[in-house]
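Here's the structure, in structure tokens; my notes come after.
The values are calculated or read from the model by the stated rules, or taken from the named source; none is laboratory data. None of the values given here were measured: they were computed from a predicted structure. Ideal geometry is used to build each Cβ from the backbone, glycine not excepted, and the neighbour counts take in all protein chains shown. For the accessible areas, the whole protein counts, side chains as well, though only heavy atoms, and no ligand, DNA or RNA atoms are used. Shrake-Rupley method; radii C 1.70, N 1.55, O 1.52, S 1.80 Å.
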Amino acid sequence: MTAESDHIKGLAITGFGGMVLTFDIPLLRLGDGESWSVIFLRSVCSIVVLLVVWWLLKRFGRNPPPLIHGRIGWIVCGLYALTGLCFLLAVFLTPTANLVFILALNPMLAALFARIFLGERLRRETLIAMVVMAAGVYIIVSGGMTAGSLAGNLLAMGAAASLAAALTVSRASGEDMGFSAVMSSLFLIAIAGVMVLFNGYHIADPVWIVIDGAFLLPVTMFCLATGPRWLTGPEVAMFYMLETVLAPIWVWMIFAEVPERHTFIGGAIVLTALVTHTAVQIARNRRRRLAARPI
């Protein structure tokens, strides 16, 4: 009963975090600001909240991990900063559906990087899923060439690749890099700050950006980082897919941004491959757990 209740608890916490994540892009769009100004304000809010939380943990004797783990920590931090930069710029340059469907490549890219750099073997179903997802992303990107969103699509691919690289380096280090993702905001503050200094600060409704940076991101990171205590990796990955499915719907409802036909087709291919691959992994892990139980 205890294991079952822990599993339900993990599903509830991780599901909540995944659901909150789906509102990230709509909040950024509601702020109605110039891209560099949005990046600057969002990053400042995130870093302030992180430092306050870290100080409170240390103040009450919770022994939090270092904000950045040495040289490897700075590399991870830089990769997360590149991820954030590509993602936030892509928000303003490509339709939301394109962005989230391309970002769904991240699990497959992480598996590929693990094979190349960590020597981890790729299962046959993972290779098949990677090929199918690549075909789906090609359909999205090729359509963007005529829709004028090629730059945004390439930035989305850059975000997926740099996030996969950050996860691979973190895994190879064996260190707790939980705070490094938010500490990467230091790089974004520096880059965006320079751009704002020269181009000016323009956000029509900054309250939405503050909510996103100070509330949504910390809550999402906490929930999705806590989930693996009770769930398997593939189960947690499923909740990241909520953004892929729901973010385009929220944007459609709020901004009447109807995805292009090629985006629907490519996105359906990507999502189907990812769901199928994740379901296979969960089924394999469940069989393994059942086989390990004493008779």
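Of note:
- Sorting 255-264, 241-250, 33-42, 115-124 by their mean Cβ neighbour count within 10 Å, with the most densely packed peptide first, gives 33-42, 241-250, 255-264, 115-124.
- Across the options S149, P259, V131, the greatest Cα extent toward the positive end of the charge dipole of the chain (unit charges at beta carbon of Lys, Arg, Asp, Glu) belongs to V131.
- Net charge dipole size for region 51-206 [Lys, Arg +1 and Asp, Glu -1 on Cβ; Debye, nearest 20]: 420 debye
- Whole-Å semi-axes of the ellipsoid equivalent to the chain (Cα gyration tensor, √5λ, descending): 29, 26, 18
- Options L79, S185, M108, ranked by Cα towards positive dipole end of the chain, top entry (Cβ charges): M108
- Relative to the current alpha-carbon distance between F92 and F117, full extension at 0.36 nm per residue lengthens the span by 5.7 nm.
- R261/R286 FRET efficiency (R0 35 Å; Cβ-Cβ; nearest 0.05): 0.40
- Net length gained if the chain between D6 and M19 were fully extended (0.36 nm per residue, minus Cα distance): 2.7 nm
- Sequence-ordered 3J(HN,Hα) estimates for region 35-49 from the Karplus curve with 6.51, -1.76 and 1.60 and θ = phi - 60° stand at 3, 5, 5, 5, 4, 5, 5, 4, 5, 4, 4, 5, 5, 5, 4 Hz, glycine and proline given as x.
- For F222 and A190, the difference between the fully extended length at 0.36 nm per residue and the C-alpha to C-alpha distance is 9.0 nm.
- Per residue, in Å², the accessible surface of region 53-143 once ligands and nucleic acids are set aside, probe 1.4 Å: 52 Å²
- Across the chain, the mean sequence separation of Cα contacts (distance under 8 Å, 6 or more residues apart), normalised by length, yields a relative contact order of 41 percent.
- Computed over the chain with a Gaussian network model linking Cα atoms closer than 10 Å, the most mobile of F179, F113, F198 is F198.
- Just the protein heavy atoms count here, and of the accessible area of the chain at 1.4 Å, carbon and sulfur take up 70 percent.
- Cβ-placed point charges (K, R +1; D, E -1), dipole of the chain about Cα centre in debye, nearest 20: 1240 debye
- Backbone N within region 85-103 under 19 Å of label point (7 Å from M253 Cα along the Cβ vector): 96-98, 100-101
- Counted charge near A247, where neighbours are those whose Cβ lies closer than 15 Å (Asp, Glu -1; Lys, Arg +1): -3
- The H on the amide N of G33, modeled in the peptide plane, is under 5 Å from the matching H of A204, each at least 5 residues off or on a different chain.
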